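What follows is one structure encoded as C-alpha cells, with my remarks underneath.
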Amino acid sequence: MTILSEPSGVVRFAVDRDARQLLDLCRLMHAENGLFPLSEAKVEHELRSSIQQDGGVIGVIGAPGSPVGAAWLIAGCDWYTETPSINDRMVYVHPDHREGTTHARDLLIWARSLSDQLGPLLIGVLSCHRAAAKVRFYQRLFGPPRAFLFTYGLDAGSGDRPEVRIGG
C-alpha cells in the first residue's frame, strides 16, 4: 500500500512505539465485539505488518506509544474482481476516550480521506453493542449502507469455536 500523504492533522500513522497499546486496543475491541476466540499472535503479526504499511495501514489518535483510538485499514480485492479496495479491519476508540470527543468521527474521516487517495473504501459496523446507533453514525459520514451482515450458529461473546469443514 503506497501512502501519498497523511490526510489529517488529528490522526497520524501508527509507528512501532504504538504496537503494544494497539494490541491492548484490539483486546478491548475483541472483548466488546469479538465473535471468535482472539489469537493474539496473529493480531500482533498483522499489526506489525500494517504499522510497516505492508498491505495495510493504521491511523491513530494519541501520542506515539499512547494511542487512544485507531482505524486499521487493509488493501485487497474481493473474490470476483481484480479491482483493489480498502477494507476496514477496525475502527475503535478506548472507552475512556469516547465521551465528549470526536475521536471516532476523526478516524472515520481519516479513512475516507485516505480512500480519496487510494481507491474505494469498504467500511462497516460489526458490533455486539449499540449496533443500530453505530450504523446511523456511519450513515451520516458514508451514506446509506449497501449490505448487512447476519450471523447464525454463533453465540456472540461465547468464545466457542465452531467446527467448520468443507469437503472430504
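Cβ-Cβ below 9 Å, separation at least six or inter-chain, first residue in region 60-72 and closer than 14 Å to R98 by Cα and free of Cβ contacts under 8 Å to residues at least 60 places away in the same chain, second among the basic types (K, R) and assigned to a loop (DSSP other than H, G, I, E, B): which pairs?
Pairs found: G69/R98.
If you take the residues in region 114-130 that are among the small types (G, A, S) and within 15 Å of the chain's Cα centre (by Cα), which one is modelled with the lowest pLDDT?
S127
May I ask you to verify whether L38 is surrounded by fewer than 16 Cβ atoms within 10 Å (Cβ to Cβ), touching a helix residue (DSSP H, G or I) at 6+ places or on another chain (Cβ under 7 Å) and among the hydrophobic types (A, V, I, L, M, F, W, C)?
In short, yes.
Restricted to region 72-120, and to residues that are in a strand (DSSP E or B) and of a type in the set (G, A, S), which residue is surrounded by the fewest Cβ atoms within 10 Å (Cβ to Cβ)?
Here the residue is G76.
Consider only pairs whose beta carbons are under 8 Å apart and that are at least six residues apart or on different chains; among these, list those whose first residue lies in region 1-26 and is in a helix (DSSP H, G or I) and whose second residue is modelled with pLDDT of 90 or more and basic (K, R).
Note: pairs meeting the criteria are A19/R48.
Quickly run through region 121-145 and pick out the residues that are surrounded by fewer than 11 Cβ atoms within 10 Å (Cβ to Cβ) and in contact (Cβ under 8 Å) with a residue 24 or more places away in the chain.
H129
The values are calculated or read from the model by the stated rules, or taken from the named source; none is laboratory data. Keep in mind it's a predicted model, so treat the numbers as computed, not measured. Counting neighbours? That spans all protein chains shown, and the Cβs are built from the backbone with ideal geometry, glycine included.
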